[in-house]
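What follows is a short report on a single structure.
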Amino acid sequence: MLKDTNKVALVVIFCIPILWGLGFVVTHNAVGSIHAGVYAFLRTLVTFLVLLPFTIRGIFKAGNRNRNIVTGFIFGLLICLQILGHSHALVTLPSATAAFIVSLNVVLVVGLSLLIQGKRPNTLDITAIVLGLVGAYFILNPSMQPLTIGYAWAGLAALAIALMILLIGHISALGLERDSQHLHQDQQQNRRRDQQQFIFFQSLFCMLLLSYYPLNFSIPDFTQVQVWLAILYMGVFATALTTLAQVKFQSVVGNTRAALIFNLDVVFASLFALLNGEHFTLYQAIGGVLIFAASIVHSLYQFIQKTNAKRALS
């Protein structure tokens with residue numbers, strides 16, 4: 001049963017960067033016609049409305065409501081910082097440079113895990129991180145510019161992503177710990193309410209924090225079909241579904257490994273960009289292979305260990 005759970009978790013976590021990767025393309029096409037802040041608000045509003053029927057009942061029932069309000073607010077704030085950091089970075093930095101700096105979030109995950117949890121990276125972690133960073137450099141080919149405030153904004157986005165990964169990992173671990181015990185039905189319901197409350201509050205607070213933008217900038221009319229399709233895709237698939245998946249499965253995979261897998265979004269973004277009429281170079285292909293290798297280092301090592309163990313027994 002545990003092995004099946006691990007396989008399902010790994011497959012689900014691998015699906016997240018695919019959804020995010022397509023999100024780069026649809027967002028790139030949409031923000032040319034809408035203010036980035038308004039786009040972020042509407043995307044969050046869609047997420048909130050989609051999740052509302054699934055979470056509203058848990059809000060008014062028992063659970064660790066105070067803790068879920070606090071963690072929901074923190075996560076909502078981090079989402080806002082990530083969105084604003086990335087948007088402001090692109091004002092003074094090329095997109096490739098900004099994306100490369102944001103991809104450094106995996107290094108921050110390891111550093112923060114060491115600082116907060118005292119968890120040291122092992123040799124596999126370090127190997128995978130180096131492969132991932134080299135791959136990101138190749139696929140994005142960033143030409144570093146003179147130092148501007150854009151680097152600070154991109155660094156803020158990377159820090160926010162790293163903190164979100166750690167926070168989701170902590171919440172997911174709480175659910176996993178409870179799943180491993182024989183719980184009564186009311187305890188299982190309480191755990192589900194905790195997850196529902198966290199997801200509800202993080203969506204609510206993020207939407208409220210971004211409400212400045214629709215109050216000060218125009219909202220697109222409904223004739224802009226491409227913009228609204230992008231908003232719906234990002235709100236439903238690239239935000240609501242991915243948040244649910246992270247909360248349920250990230251702790252099974254591990255924070256560092258999840259961060260490495262999530263960096264595959266730049267690979268899928270490049271592949272989906274082909275459909276958008278953009279070119280895919282040899283350097284991008286090499287970078288994609290390296291990032292993919294970084295994401296499977298842990299699984300490959302485990303497979304080799306199991307194979308050697310079977311040979312030793314035979």
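The values are calculated or read from the model by the stated rules, or taken from the named source; none is laboratory data. Quantities reported herein were computed from a predicted structural model and do not represent experimental measurements. Cβ sites come from the backbone with ideal geometry, for glycine too, and all protein chains shown count toward neighbours.
Filtering the stretch 18-33 to residues that are in a helix (DSSP H, G or I) and modelled with pLDDT under 90 leaves TRP20, GLY21, LEU22, GLY23, PHE24, VAL25, VAL26, THR27, HIS28, ASN29, ALA30. Scanning the stretch 11-50 for residues that are aromatic (Phe, Trp, Tyr) and in contact with a Pro (Cβ under 6 Å, 6 or more places away or on another chain) yields one hit, PHE41. Within the stretch 256-314, the set of residues being of a type in the set (D, E, K, R) and over 11 Å from ALA128 (Cα atoms) comprises ASP265, GLU278, LYS306, LYS310, ARG311. All told, VAL50 falls short of being of a type in the set (Val, Ile, Thr), at pLDDT below 85 and either out of contact with any Phe, Trp or Tyr (no Cβ under 6 Å at 6 or more places or on another chain) or closer than 18 Å to ILE231 by Cβ (or both). One residue stands out among those in the stretch 247-295 that are among the small types (Gly, Ala, Ser) and under 24 Å from GLY72 (Cα atoms): the one that is modelled with the lowest pLDDT, which is SER251. Contact map, the stretch 94-112: first residue within 16 Å of GLY135 (Cα to Cα) and surrounded by fewer than 22 Cβ atoms within 10 Å (Cβ to Cβ), second residue charged (D, E, K, R) and at pLDDT below 70, Cβ cut-off under 8 Å, separation 6 or more or different chains; the map is empty. Of the residues that make up the stretch 268-275, is at least one of a type in the set (A, V, I, L, M, F, W, C), within 30 Å of GLN196 (Cβ to Cβ) and crowded, with 16+ Cβ neighbours inside 10 Å? Yes, the conditions are met somewhere in the stretch 268-275.
Every condition in (1) under 15 Å from the mean Cα position of the chain (by Cα); (2) modelled with pLDDT under 75 is met by ASN141 except one, and the failing one is (1). Within the stretch 113-130, can you find the residues that are of a type outside the set (A, V, I, L, M, F, W, C) and in a helix (DSSP H, G or I)? Answer for the stretch 113-130, where residues must be of a type outside the set (A, V, I, L, M, F, W, C) and in a helix (DSSP H, G or I): SER113, GLN117, THR123, ASP125, THR127. Return yes or no: is VAL110 in a helix (DSSP H, G or I), touching a Pro at 6+ places or on another chain (Cβ under 7 Å) and either modelled with pLDDT under 85 or farther than 20 Å from GLY21 by Cβ (or both)? So VAL110 passes the test.
Taking the residues in the stretch 34-71 that are in a helix (DSSP H, G or I) and among the small types (Gly, Ala, Ser) as candidates, determine which candidate is nearest to the chain's Cα centre (by Cα). Write out each step before concluding.
We begin by selecting, within the stretch 34-71, every residue in a helix (DSSP H, G or I); these are 36-59, 65-71.
Going one step further and asking which of them are among the small types (Gly, Ala, Ser), we end up with 36-37, 40, 58.
On the way: ALA36: 19, GLY37: 19, ALA40: 15, GLY58: 24 Å.
Looking at residues that are in a helix (DSSP H, G or I) and among the small types (Gly, Ala, Ser), I get ALA40.
Hey, among ALA128, ALA157, ALA136, ALA162, which residue is at pLDDT 85 or above, of a type outside the set (Lys, Arg) and closer than 20 Å to ARG257 by Cβ?
On the way: ALA128 fails: at pLDDT 85 or above; ALA157 fails: closer than 20 Å to ARG257 by Cβ; ALA136 fails: at pLDDT 85 or above.
Answer to the selection: ALA162.
Consider LYS7 carefully, then state whether it is under 24 Å from PHE262 (Cβ atoms), surrounded by fewer than 19 Cβ atoms within 10 Å (Cβ to Cβ), at pLDDT below 85 and not hydroxyl-bearing (Ser, Thr, Tyr). For LYS7, the condition - under 24 Å from PHE262 (Cβ atoms), surrounded by fewer than 19 Cβ atoms within 10 Å (Cβ to Cβ), at pLDDT below 85 and not hydroxyl-bearing (Ser, Thr, Tyr) - is met.
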